[in-house]
Amino acid sequence: MAPIKSFARAAFAAAAPSATQKVPAVGTASVSTTGEISSFCLEKMCNLFQAEPTDNLCLSTGGERGVRLRRPVEQGGVILSMPISSCFRDDEPPMWYERTAGEGEGAEEEHDITDYERYNPSGWASRLAASVLDLELNHGLQGDHADELTAGREIWRSMLPDKDILRASLPVHWGEEVLATSKCTALELAVDSAYFARATAVTDLAEELKRGYDTKDGEGELLQRECMEDALDIVLDMEELQRKCHDALDIVQTRACRVERSGDGGVQWGPPLRILAPVFDYINHGSGKVAGEGSANAAFQVEGERMCNLDDAELVVRATRDIAEGEEVLIDYGDSARPAWRCLTSYGFVPEYDPNAESLDEEHVENVAELWMNGLRFEVDPHSVPMDLVEVAAAQTLLDHSGDGGAMGEGEGGWGTPAAGGMLTPLVARSISKRATEASFNLITEPEISEEEDWDSPMFVHSSSLAALLRWSQHNVLLAFAENLKLFSSAPPESE
């Protein structure tokens, strides 16, 4: 990548449009009745899951659901601490999955999920989805006799997002027309890849659940589980079962996190563990690579872990800076949340980016946009230019100005020529800037939608809105990129 001149970057910082939106702080006194009920359920879950503290978190009631503090927490202080044993773990799937996953040629009589030679880390999503599906199928079976963990999970299940809206949030479920309106090739390629992986996971999960109900043990009895008639009907209806498998995988995809198995000294003793941690999964994303409003103010890790032993381990969220009363808790979701198209693919939302935000890592790129030039696709960000793009633009500019005897009257290789030894010159910069400006405005041109699309469907409207948000995000990146190049091209040449 060729960095755009620092003086142009500094000048652009004052002119670039901001992508942030201010979110008013919500204190405990301003929480609505709905918010009070949700926060009561949150506190109840903390008690049932043995999480601490139990009374310092409340849920946001406006926009995306998130977690806010009732009392301030100083840097390094604990925001939430939850036993790993209270979480859904990918190494503890339900019995029916554990039994059937070990069947086949060469399999042992009992499937030992802790045998790491046979334990397949790549199947973590299916294992967690099996636990979510098991919770769904056993809903209400234990009644008043449910233990605290089961009772807490029932509350968590009842507070999950609407399944149809969650489904509409994930591009893997979008129709071709909605996907095309995103005008993002990277998103389309990611969806193509994810679609087949998801289809395989759903088929395998559904078949294993059916085998779990159909398989008999050595005594000729059905697998030990109590089931309601409607749960059995679901299992017998493969189409409905596959939809429930999709729903479970949607939850896992958008709410699971990864933690490392490491003992004293950071020595890793097993494959990474994926978990679904109720309460923790309500914490929203904020970038940890930039400073300012909307950036991450907390981080999580496993504490109390011993070599080959997670019995006393806890998932702990600590403040990375002082967090005020009423302020939202934000953690960085990692590389899967950047750039915008990848975040949408992974989690079903388009994050907000502020091009003026102070970067904590000069080499870090928070968001990129696609730019097509001469039939080639490039990814650009506001503050750097890919060298391949410079070469393509220089060659095109040279062709465009081959008959005018030196575009700006300078000598060969000078400031006004298309390129000087592969360097980004003002003439080339203006050429790229012009193309980026055209592309940025093309993104905000409303794409054509066939009359057959159902605008009365909340799901269609939701997915179309997300596609539009992604276009807007890409538009802002390209516009900032183009403006920065203009500043560079208008600056006088540096003296040698």
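The values are calculated or read from the model by the stated rules, or taken from the named source; none is laboratory data. Everything numeric here is computed off the predicted structure, so don't read it as measured data. All Cβ positions, even for glycine, are placed from backbone atoms using ideal geometry, and neighbour counts span all protein chains on display. Quick note on the areas: whole protein, heavy atoms, side chains included, nothing else; ligands and nucleic acids left out. Shrake-Rupley method; radii C 1.70, N 1.55, O 1.52, S 1.80 Å.
Order the peptides 375-382, 196-203 from the highest to the lowest mean number of other Cβ atoms within 10 Å of their residues. Don't skip to the answer; put the middle values down first.
Working: 375-382: 16.9, 196-203: 14.6.
My ranking of the peptides, most packed first, is 375-382, 196-203.
Beta carbons within 10 angstrom, averaged per residue: use that to sort the peptides 458-464, 423-429, highest first.
Descending mean neighbour count gives 423-429, 458-464.
Leaving out ligands, DNA and RNA, what percent of the accessible area of segment 259-378 is carbon and sulfur, probe 1.4 Å?
Working: 2380 of 5170 Å².
Looking at segment 259-378 in its full context, I get 46 percent from C and S.
Any chance you could check the Cα centroid distance between segment 276-343 and segment 455-481 for me, in angstrom?
26 Å
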